[in-house]
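Worksheet: the structure to be examined is printed underneath.
The values are calculated or read from the model by the stated rules, or taken from the named source; none is laboratory data. What you see is a predicted model; the values in this text were computed from it and never measured. When we count neighbours, we look across all protein chains shown, and the Cβ atoms used for this are built from the backbone with ideal geometry, even at glycine. Heads up: the accessible areas ignore ligands, DNA and RNA and are worked out on the full protein's heavy atoms, side chains in. Shrake-Rupley method; radii C 1.70, N 1.55, O 1.52, S 1.80 Å.
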Amino acid sequence: MCPDSQLVSTYYDKELDQRWSGEIKSHIAGCDKCGIQVSKYQEMSKLLGSCRVPGEQEMKLRVLGVIERRRKVEYHEVFWKKHLAVSVPVLMGAAALMIIFFAGILMGFFPSQTRDSQVVEEIRTHSIGINVQVINLEDAAAYILADDSGFDLLITIPSNETLSVNGEPQLIREADYKRGQ
Amino acid sequence: MKHLLSGISLLFFVTFCIAAQSDDFDIKDIEGKKLSVNLNTRLLGTENETVWHMESTNLTISGEAVKVKLKGENLVLIANITPYLNPDNTIFLVAKGEIFLSDSDDSEEVKYYTTLQSLPVEDGEKVIFFPLGMAYDSNSNFYSIEMEIQVLSAEYGDGQANKE
């Protein structure tokens with residue numbers, strides 16, 4: 001008695017249990033009808049394997065085109081959220097360049113001030129700032145008498161005469177001045 | 001990665017340009033502002049005659065004071081002579097005077113006077129500063145001090161410093 005055709009198909013697909021598969025195999029070897037059925041399954045498999053899907057290449061290109069367009073749109077839409085893989089040395093180098101850049105901008109904004117202050121500092125090398133706390137004029141006078149540094153010119157009047165204030169200080173042109181008048 | 005390198009190169013170039021602009025300092029900027037201040041400090045007697053005098057020359061730049069300290073028997077005078085060079089080569093002269101004065105040797109009282117005088121002058125023009133005031137009366141029985149100031153710019157030339 002021949003097995004069911006569905007069972008033969010299952011055998012051909014190698015999906016039967018090994019015990020049943022052996023019995024079906026021995027039956028097919030001695031049965032022409034079942035052997036013809038298995039031969040039909042083999043021819044059908046060969047035919048399906050050799051067939052090409054109509055328009056397969058065009059369909060493939062069309063799908064790839066759609067994927068490419070979607071990729072470009074997504075790239076522009078989420079640019080600021082994009083994660084870049086940057087190595088640490090490159091990141092540190094970029095940070096150092098940014099610091100140099102902003103330092104350069106600051107130097108460019110205040111060149112004249114720094115330049116003038118440097119010049120003044122060079123010229124005042126012999127000058128000493130007076131920073132003393134005094135509580136009365138006697139202390140101030142004592143300090144003035146004691147410290148001669150910080151002056152370009154020091155003059156001592158070789159006279160024992162007592163000097164006094166003779167009115168308002170004046171600054172006049174020599175042409176407008178005649179001594180004693 | 002190419003965009004990152006391009007951005008870094010651009011930053012470096014801009015920084016270099018800015019740094020190049022800030023390094024154009026030239027000492028000749030100072031040379032043009034060099035000023036010579038000639039001082040003739042005189043002590044005048046009771047008859048307004050010159051009892052003693054001292055001449056000196058100090059170099060400075062526009063806006064930087066020549067600081068003079070003058071010690072007498074009973075006073076200390078500090079004078080700051082500051083010339084400002086105008087763009088038209090005229091000079092604005094500022095004289096600041098501070099006086100610490102005691103009336104007598106045995107007096108413990110010290111008087112303090114201060115003054116600030118200014119005058120626009122020509123290059124090489126002489127002016128006179130009276131820090132203690134002017135003695136108009138020839139019969140006044142006291143001594144006085146006058147400081148003759150002459151400011152010469154660098155263009156005026158050192159050879160004309162003694163020009164009357």
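A few points about this structure:
- Residue that is most open to solvent (accessible area, probe 1.4 Å), among those in the range B:61-86 that are more than 7 Å from every other protein chain (Cβ to nearest Cβ) and not in a strand (DSSP E or B): B:N86
- Candidate set: the range B:87-134, residues that are among the small types (G, A, S) and closer than 23 Å to A:G167 by Cβ; chosen: the one most open to solvent (accessible area, probe 1.4 Å): B:S118
- Helices (runs of 4 or more DSSP H) contained entirely in the range A:13-107, each with at least 1 residues that are under 30 Å from B:S6 (Cβ atoms): A:56-77
- Some residue of the range B:87-101 being modelled with pLDDT under 90 and under 15 Å from the mean Cα position of the chain (by Cα): yes
- Out of A:A96, A:A175, one residue alone is modelled with pLDDT of 80 or more and more than 9 Å from every other protein chain (Cβ to nearest Cβ). It is A:A96.
- Number of the condition not met by A:S21 [criteria: (1) within 14 Å of another protein chain (Cβ to nearest Cβ); (2) surrounded by 12 or more Cβ atoms within 10 Å (Cβ to Cβ)]: (1)
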